[in-house]
Amino acid sequence: MFLSVFDLYKIGIGPSSSHTMGPMTAGGQFLDELKNGQWPRPTGVKVHRLRVHLHGSLAFTGIGHATDRAVILGLCGLLPATVDPNEMDALLEKVKQTKTLAPEGHPIYRFDPAMDLIMDRRTALPGHANGMAFEAYDVDDRLLLRRIFYSIGGGFVVTEEELESAKTRTVPKADHSVPFPFKNAAQMMSMAKESGLSIAEMKRRNEEMFMSRADLDAGLDRIWSAMRSCIDRGLEQEGIMPGGLKVKRRARYLHDRLQEEWRQNRINPLLANDWLSVYAMAVNEENAAGGRVVTAPTNGAAGVVPAVLRYYLHFHEDADQDGIRDFLLTSAAIGGIVKTNASISGAEVGCQGEVGSASAMAAAGLAAVLGGTPEQIENAAEIALEHHLGMTCDPVAGLVQVPCIERNALGAVKAVTAASLAVKGDGTHFVPLDACIETMRQTGMDMNERYKETSLGGLAVNVVEC
């Protein structure tokens, strides 16, 4: 299946693409099936009550990741890309008080969040760690419809049937709908060599099979605008982030200090790293607060790519809009390869699949706009990913705050370092990107479930909650 740049960069709300955006999307898909009525039921019998069971990582960290809120919002008919964050609390309170759901175009359904939203920590669904079951009952509490969905990372949602079908294909099918159907880095490099095109140019030609150049550029500009706005909002906010850990926002304070150093012309040998860090933290503080972010490729890793892009604009005089577009196209090409051959889900392979993938994407994008060859770009992605291998996902209290916010800052720093190393070389390197991606997949499969977004191990159990 062709993965568009807009599949990897989705505009939505925090704090988690797999735990917030995915379940909200699944709720909407379940509503669509209820409305379409293409499922067997006795004549005259109507849906009276809805119920949702969350399993695996969704159950263990669902409260901290706002999965409970996302499910309700999805069943209200709201979508991650268009929901107004300022209206969510009022709608959630209404559902809580009335114990009903009233999505547009549907009858009113009974739904008591305290009884009908079940965090099942004992039963794991077989398909994926992020499993959920949506159920519809009649007035006599007889089950009419049950559908299982899996939130597989980055806001992607698949049905039980779709996931099973995908698992029967050991080798991804070639996509002949696009001129450059690369499924791995080796194919990408071979096609670049044969065509004489850059990775960004190949990705662009693939995308333009489905839309005009003007629409593609407008979409890329819209992605960057959303990323930039998220950085700017994060740099303006202060106070304590929600969730109970009492973690303070730091991005604005750090930004103000950097601005003061800049005005006074103080020598700061760590200047570039400091700006990278503050940009990344600004995004992920917004994400932790439930603000609007862009999956890159996930919400938990949403700060890396925007931070490196902002760094590019800040420190490189030749940076321009075309460079931003090439950056995003190149990054998306790498992200698509990672997702196709491994995973971008922290619940499946740990944080190496989230921040590690984001760092590889950002490194590739930066290497591209710095004039890197396809070989140097592939090398940059490999360096960045290699040095995230084995990273666990162990959020304290199930919140996307500690260590997630700082982890994005370090992912951005690694991305810039990787790009710099790669473009200063000739593109030859010992470990191919495909081998690194396969290592990440194997490492994730070997990783204990306690370290895969369940908050049952690592920092999550060794840090005292304050």
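The values are calculated or read from the model by the stated rules, or taken from the named source; none is laboratory data. As the structure is a computational prediction, the values presented were derived from the model and not from experiment. Note that we place each Cβ from the backbone using ideal geometry, even for glycine, and neighbour counts take in every protein chain shown. Heads up: the accessible areas ignore ligands, DNA and RNA and are worked out on the full protein's heavy atoms, side chains in. Shrake-Rupley method; radii C 1.70, N 1.55, O 1.52, S 1.80 Å.
Values computed for the structure shown
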read-out	value
Among residues of the range 81-136, those that are crowded, with 18+ Cβ neighbours inside 10 Å, touching a residue at least 24 places away in the same chain (Cβ under 8 Å) and either touching a Pro at 6+ places or on another chain (Cβ under 7 Å) or assigned to a helix (DSSP H, G or I) (or both), counted	3
Residue check, Arg204 more than 28 Å from Asp7 (Cβ to Cβ) and basic (Lys, Arg)	no
Selected residue (criterion: farthest from Leu78 (Cα to Cα)) from residues of the range 14-57 that are among the basic types (Lys, Arg) and over 30 Å from the mean Cα position of the chain (by Cα)	Arg41
Residue in the range 276-288 that is closer than 25 Å to Gly371 by Cβ, acidic (Asp, Glu) and in contact (Cβ under 8 Å) with a residue 24 or more places away in the chain present	no
Residue check for Ala342: open to solvent by 10 Å² or more (accessible area, probe 1.4 Å), touching a Lys or Arg at 6+ places or on another chain (Cβ under 7 Å) and among the aliphatic types (A, V, I, L, M)	yes
Whichever residue in the range 160-184 is part of a loop (DSSP other than H, G, I, E, B) and over 19 Å from Ser343 (Cβ atoms) and, among such residues, is modelled with the lowest pLDDT	Ala174
Where a residue in the range 179-197 is under 12 Å from Ala333 (Cβ atoms) and in contact (Cβ under 8 Å) with a residue 60 or more places away in the chain and its partner, wherever it lies, is charged (D, E, K, R) and open to solvent by 50 Å² or more (accessible area, probe 1.4 Å), with Cβ under 9 Å and at least six apart	Lys183/Lys173; Met189/Glu375; Ala192/Glu201; Ala192/Glu375
Some residue of the range 194-213 being open to solvent by 50 Å² or more (accessible area, probe 1.4 Å), under 22 Å from Cys436 (Cα atoms), out of contact with any helix residue (DSSP H, G or I) (no Cβ under 6 Å at 6 or more places or on another chain) and at pLDDT 95 or above	no
Test result for Pro269, in contact with a helix residue (DSSP H, G or I) (Cβ under 8 Å, 6 or more places away or on another chain) and at negative phi	no
Verdict on Glu348 being at pLDDT below 95 and either open to solvent by 10 Å² or more (accessible area, probe 1.4 Å) or not hydrophobic (A, V, I, L, M, F, W, C) (or both)	no
Residues of the range 4-52 that turn out to be in a loop (DSSP other than H, G, I, E, B) and either open to solvent by 20 Å² or more (accessible area, probe 1.4 Å) or touching a Phe, Trp or Tyr at 6+ places or on another chain (Cβ under 8 Å) (or both), as a count	13
Enumerated helices (runs of 4 or more DSSP H) restricted to the range 236-337, each holding at least 3 residues that are within 18 Å of Leu410 (Cβ to Cβ) and open to solvent by 40 Å² or more (accessible area, probe 1.4 Å)	271-288
Cross-chain or 6+ apart pairs with Cβ under 9 Å, the range 373-390 first and more than 14 Å from Ala412 (Cβ to Cβ), then modelled with pLDDT under 95 and surrounded by 24 or more Cβ atoms within 10 Å (Cβ to Cβ)	none
Helices (runs of 4 or more DSSP H) fully within the range 363-466 counting 3 or more residues that are out of contact with any Phe, Trp or Tyr (no Cβ under 8 Å at 6 or more places or on another chain) and surrounded by 24 or more Cβ atoms within 10 Å (Cβ to Cβ)	374-386, 404-423, 433-446
Condition met for Ser177 (polar (S, T, N, Q) and open to solvent by 50 Å² or more (accessible area, probe 1.4 Å))	yes
Test set (1) modelled with pLDDT of 95 or more; (2) farther than 19 Å from Lys452 by Cα; (3) in contact with a helix residue (DSSP H, G or I) (Cβ under 8 Å, 6 or more places away or on another chain); (4) of a type outside the set (Lys, Arg) - Ala301 fails condition number	(2)
Failed item in (1) modelled with pLDDT under 95; (2) closer than 16 Å to Leu50 by Cα, with Gly127 passing the rest	(2)
